[in-house]
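K.L.:
Below: one structure in structure tokens.
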Amino acid sequence: MNKFYKVVNRTVISTIVLASSFTASAADVVSDKSIGMDLARDIANESVMACRKQGYHVSAVVVDRYGLVRAILRDDLAARFTLEIAERKANMTVMAWTDSGDFKKARADIRPELNHMNGLIVMEGGIKIVSGGYNLGAVGVSGAPGGDKDAACAKQALKKLEERIEFL
């Protein structure tokens, strides 16, 4: 009988240890910072307005940290294709967690492959949105004559709204 109790004790102890490790590592509730609709809308609007002041007709798309669209804005004279390109730039930024232009420079080796993936494009014009070191999402801008100009408009918008972004 001693053998029987040793086997049972080992089994019980193993089961308790295994069950407690699952409980300790699983999160039943996950909390997360997210970019709100009002701020996303204002970032898109300020990006479009910054480019408009320079004579460029662009679209701006703001996505959250998961690549879900939070705000879309197309200037009156911007081509419809700028909407998709802006969203894909924002998604590239979220996927890489770096501005799309920086990623383009650093990873030219995989650019052709990524450009064939749905929802991504490796072009300059996607800028990350960060609050207190936490990645909230990204804004993508498309339609200016060059991704550097798209990125500059997005950066102007983020600079203008930085107080609101930092308070998240």
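Values in this text are rule-based calculations from the coordinates and carry no lab data. Since the model is a prediction, treat every value here as computed from it, not as a measurement. For neighbour counting, all protein chains shown are included, and Cβ atoms are generated from backbone atoms with ideal geometry for every residue, glycine included.
K.L.:
Pop a pseudo-label 7 angstrom from the Cα along the beta-carbon direction at both D76 and F167 and give the gap in nm to one decimal.
P.N.:
Output for this residue pair reads 3.2 nm.
K.L.:
Determine by what factor the alpha-carbon radius of gyration of region 37-166 differs from 2.2 N^0.38 Å, reporting the quotient.
P.N.:
Numbers: Rg = 13.0 Å, N = 130, 2.2 N^0.38 = 14.0 Å.
After normalising by residue count via 2.2 N^0.38 Å, the value is 0.93.
K.L.:
Ranking R65, R41 by Cβ neighbours within 10 Å, fewest first, what do you get? Walk me through the intermediate numbers first.
P.N.:
Details: R65 18, R41 15.
Ordered from fewest to most neighbouring Cβ atoms within 10 Å, R65, R41 come out as R41, R65.
K.L.:
Once you keep just the Cα pairs under 8 angstrom separated by 6 or more residues, what percentage relative contact order results for region 37-166?
P.N.:
Details: 311 pairs, mean separation 38.7, N = 130.
That works out to 30 percent.
K.L.:
Ranking D32, D99 by Cβ neighbours within 10 Å, fewest first, what do you get? Intermediate results must be reported in sequence, preceding the final value.
P.N.:
Working: D32 9, D99 21.
Listing D32, D99 from fewest to most nearby Cβ atoms yields D32, D99.
K.L.:
Within a 10 angstrom radius of the beta carbon, how do V141, V94 rank from fewest other beta carbons to most? Mind dumping the intermediate values first?
P.N.:
Values: V141 34, V94 25.
Fewest-to-most ranking of V141, V94: V94, V141.
K.L.:
For the pairs K89/K128; K33/K53; K105/K160; K104/K149; K33/K105, note any where the Cα-Cα span goes beyond 22 Å. List each step's numbers first, then the result.
P.N.:
Working: K89/K128 10 Å; K33/K53 32 Å; K105/K160 27 Å; K104/K149 15 Å; K33/K105 29 Å.
Over 22 Å apart, Cα to Cα: K33/K53; K105/K160; K33/K105.
K.L.:
Search the structure for amide H atoms under 5 Å from the amide H of S131, placed 1.01 Å from N in the peptide plane, and list their residues when 5 or more places away or on another chain.
P.N.:
It is L136, by chain and number.
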